[in-house]
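The values are calculated or read from the model by the stated rules, or taken from the named source; none is laboratory data. This is a predicted model, so every value here is computed, not measured. Quick reminder, even Gly has a Cβ in these numbers, built from the backbone with ideal geometry, and neighbours come from all protein chains shown. Just the protein is used for accessible areas: all its heavy atoms, side chains included, with ligands, DNA and RNA removed. Shrake-Rupley method; radii C 1.70, N 1.55, O 1.52, S 1.80 Å.
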Amino acid sequence: MTSEQNAKKKRKWTTGREIEEGIKRKKKKNKQYQPNYFISLPITNPKITGSVQAVQDAVILKDQRLSKAMVCPGSLHVTMLVMHLSSKEEIGIAVGALSDSKVFVNNLLKGKRVDLSFRGIDHFRNQVGFVSLAENDHTTLLKEIADTMKKIFQEKGIMAGEERAFKPHLTFMKLSKSAELRKEVKKIDSSLFEDFKNHYFGDEILHRFDLCSMFKKKQPNGYYYCESSVVFGKSHEAVVKEALHRETQALLSRLNQIKELLTSPEIRTKISRELFEDRHNSSSKWKSCIDSESPNA
Ligand code: AMP
């Protein structure tokens, strides 16, 4: 065998071994890297939850079996990052990474708010049904945030992130929720949600990220078990509460002004006089009406 043939044979063998080892490594990695935690952006706007429920109801009406595939309204979220945490110590590190990411996220936000607009429906390989996010500067910023968080978690030694690109979405149904269902239904028929193809579901302002467990017992409201959270700006509920508080305060202040006016004898006399005149005018008006309608008039 010539030296060139030897080299070729060696190269071929080396390449083959590398591929085999690569596959083995990937298999081992896949076996180890089963995500069990994730960073969630919770959906708190009742308009979105209500619209999602309307789609779910419409789908179930067409195919009752799919009720097992539906995501509970209390657990609706956008997944920012998935990860594997194998011990209490790693959970602690992840809690620290989430807390650290607040500064980096605030630096990206620069005081702006992330307003996510949910519109239309799509699916992943007919296995997962989700509400899409309108593509705009806000989703670009959300992607930057997801990338930054992935780096922060990975730098702390946490197995986080996926090979595929981050595509923000709001899952409302998935066949994997029930092994039983998966045997019966192999694919979600996308015509089931045709009516909602361009439906506007509402906006969600980014106000919180949670580190959630995929498998620990959920909270009574249906939301995931959270190890920790970071808060940005204000929640939808907080904004509504504040607006209500503002309106109530304005009404109370007007009420107090009216009460104060009523303590003045002059005002009371004026009101009594006006009321008396009103009553007198209206009774004479009614009297004239009755008179004019009278067949004897
Ligand atoms: P989630 O909304 O995070 O609960 O994800 C629901 C399902 O969608 C999971 O099984 C994910 O693996 C899958 N999924 C998430 N992102 C993608 C993507 N970009 N392409 C295909 N499947 C995805």
Cα shape, region 131-185, gyration tensor, a/c 1.5 rule:
oblate
Can you classify region 40-107 as rounded, prolate or oblate using the Cα gyration tensor, where a ≥ b ≥ c are the square roots of its eigenvalues, rounded means a/c under 1.5, and otherwise it's prolate if a/b beats b/c and oblate if not?
oblate
Over region 127-210, give the accessible area per residue in Å² for a 1.4 Å probe, as an integer.
52
Just the projected area, averaged over all directions, of the convex hull on the alpha carbon atoms of region 88-236: how many nm²?
10.6
Per DSSP, the loop-located trypsin sites (Lys or Arg not before Pro) within region 63-121 having at most 10 other beta carbons within 10 Å are LYS110
With a Förster radius of 35 Å, plug the Cβ-Cβ distance of SER191 and ASP137 into 1/(1 + (r/R0)^6) and report the FRET value to the nearest 0.05.
0.60
Got a sec to turn the phi values of region 150-156 into Karplus ³J(HN,Hα) couplings, 6.51 cos²θ - 1.76 cosθ + 1.60 with θ = phi - 60°, whole Hz, x for Gly and Pro?
4, 4, 4, 5, 5, 5, 8
Of the listed pairs LYS197/LYS241; LYS88/LYS151; LYS47/LYS259, those with alpha carbons more than 29 Å apart are LYS197/LYS241; LYS47/LYS259
